[in-house]
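The values are calculated or read from the model by the stated rules, or taken from the named source; none is laboratory data. This structure is a prediction, so every number in the text was calculated from the model and none was measured. So basically every Cβ, Gly included, is an ideal-geometry build from the backbone, and we count neighbours across all protein chains shown. These area figures cover heavy atoms from the full protein model, side chains too; ligands, DNA and RNA do not enter into them. Shrake-Rupley method; radii C 1.70, N 1.55, O 1.52, S 1.80 Å.
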Amino acid sequence: MGTGDTMILLAILVYFIVVLTIGFIYAKRSNSSASEYFLGGRKVGPWFTALSAEASDMSGYLLMGLPGLAYFTGASDVGWTAIGLAAGTYLNWRLVARRLRRYSVAANDAITLPGFYSNRFNDKKNTVGTIAAVIILIFFCVYCGSCFVTAGKLFNTLFGWDYSTMMVLGAMIVFLYTMIGGYLSVVATDFVQGCLMFFALAVVVIGSITMAGGVANTAAFLSDIPGYLSMTSMAQPLMDANGMQVVENGAPIFDVPAEYGIITIISTMSWGLGYFGMPQVLVRFMGIRSDEQVKQSRIIAIVWVVISMFCAVMIGLIGRYLVPTELLNQSSAETIFIVLSQMMLPSFLCGIVVSGILAASMSSASSYLLITGSSVAENIFRSIFKKDATDEQVLIVSRITLAAVLLFGIWVAWDENSVIFTVVSYAWAGLGASFGPLTLFSLYWRRTTKQGAIAGMVAGAATVLIWHNLVKPMGAVVGGLAGSILGMYELLPAFLMGCLAIYLVSKITPEPEQSVLDTFDHYMDSTGARRNLEEVLEENLASDLPEYAATTYPHGRK
């Protein structure tokens, strides 16, 4: 190993030490109760909430998936995806964050997303929560696998080390600090990792522009590639029999660009719908210190997301100009961020920057592990098998679940040719379609029933599986407008089916019981001004006038 590699490795080791130290720092507090371990006691501030939500959401596809897609097929696919994600981020913070923070407290102080769904419908058998927990378990195992792929590709590209060994090592580090420190350690490390990801993207995009001699030179080169810079067509690399892009006379060869019509644009932008059902983001809304701090968090989150995605896309596009023939399939194209970092930066700084990739994958994987563990322990073990389980027993089951998900994620990630963007898109659709419609209906429609909630989750998940595996492949065969419709991203039809199922089943089933309606009305009436006034009155009067408290809070203070 040369001096340069040693310095890169030293920077990465410093990063590992930092995140593990954070895990140990929060260990004692996090293990004091299930609420502290799974939700941080609802005491997380706006900055930590915002960066934790976005860092855990973006995962490895921000620094590898998006740049790789831009590098390989140009601006259209990645551009519309980024626009959809930015819009979805804003709408989720705007429509869901404050309401979910309030309602999760009103719904018997739910500390997990499946727990909120069950409490929302007063589901004493916990059918809703169990189905939600199972869906989370299935799709988060796949999601964890995509994060482990990122770690393996990073070390394989940097040092030529065995992909599988390094993938397993990265997975074990995530497992350790998640198991030890719980939610607070995950949020704190996410904050550090979000800052590091932002810094890494900014450094590499500025360095890339400088190395390219300015944006004009890059644009002139890329405009000669058919469809590469267009937002209404997509560049098509000409592939050989081995699945590698053809290169002639030192230049990459492209086929006739594919049309990128309105159906495809709508399909791609539907990525944004996924946010309404992302447990790793929704649980951050539930854990923020106060719903009054949601607005500040929203501004921080939107600024971070827009700038970060813009930088990621630019890195991929400029990378095609700087190294046009080095990365000849989509899997290898996802290493363009690493390649450019090695080309332009001093070794130690390169190590810090590429640690941003680890930051992206580890922040996401830790969230997926924690949410899966909490869902299984709280909403299956405690709610079904052992209703009198202690917090200590719940935490033990949670950690056993973490280990099981870790092993399954490693199995998913074992293939080093896995394309991160493809793996993420599948899990994103599954979670978004299963929980997105249910979250919106739960927060906005009083008439939503437990049966409707179950139908929506099952319909959304089933449509993703059917559309992805059976319908979507037919799109390439049929062609034309029908082919575009059949070949659309599975999240859009699945999300619509979930909404339709919730509405129709809720309309044909009996209205929710009165206590459910009363809780919904109480949550809807609790405006910011009224709530603040009530808190003051409660603090000063409730102890002396218990009859006042009983009148004001007929369902108990939540």
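Overview of results
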read-out	value
Mean Cα-pair separation over length for segment 387-473, i.e. relative contact order, pairs under 8 Å, 6 or more apart, %	29
Span from the segment 329-408 Cα centroid across to the segment 236-312 one, whole angstrom	20
Nitroxide proxy distance, nm - points 7 Å out along Cα→Cβ at Glu513 and Ala202	5.4
Inter-probe distance in nm under a simple model that places probes 7 Å from Cα toward Cβ, at Ala476 and Gln393	5.1
Residues Phe348 and Val303, FRET efficiency given R0 of 41 Å [Cβ-Cβ distance, rounded to 0.05]	0.90
Check: segment 283-344 dipole with +1 on Lys, Arg Cβ and -1 on Asp, Glu Cβ, in debye	200
Paramagnetic label zone (point 7 Å from Cα along Cα-to-C-beta, Ser223; backbone N under 19 Å) in segment 60-86	74-76
Sequence-separation-based contact order of segment 187-263, relative, with Cα cut under 8 Å and 6+ spacing, percent	22
Under 28 Å, Cα to Cα: Lys pairs in the chain, sequence gap 8 or more or different chains	24
Separation in nanometres of the label points that stand 7 Å from Cα toward Cβ, at Ile466 and Trp47	4.9
Val18-Leu238 FRET efficiency (beta carbon distance; Förster radius 45 Å; 0.05 resolution)	0.50
Expected 222 nm ellipticity per residue - DSSP helices of 4 or more, -39500 (n - 2.57), all of the chain, to 500	-23500 deg cm²/dmol
Positive-end residue, the chain charge dipole about Cα centroid, Cβ charges, pick of Gly261, Phe337, Ile8	Gly261
Apportionment of accessible area to carbon and sulfur, the chain, percent (1.4 Å)	66
With Cα atoms, 0 to 90° folded angle of helix 163-212 axis to the chain main axis	40
Listed residue (Gln293, Ala75, Thr390) projecting farthest to the positive dipole end of the chain, Cβ model	Thr390
Relative contact order %, the chain, counting alpha carbon pairs below 8 Å whose residues are six or more apart	28
Unit charges on C-beta of K, R, D, E only; dipole of the chain, Debye	1100
Probe 1.4 Å, accessible area per residue of segment 270-351, Å²	28
Additional length obtainable on full extension of the chain from Val256 to Lys295, 0.36 nm per residue less Cα span	9.4 nm
Efficiency of FRET between Thr6 and Val323 - r from beta-carbon atoms, R0 35 angstrom, step 0.05	0.90
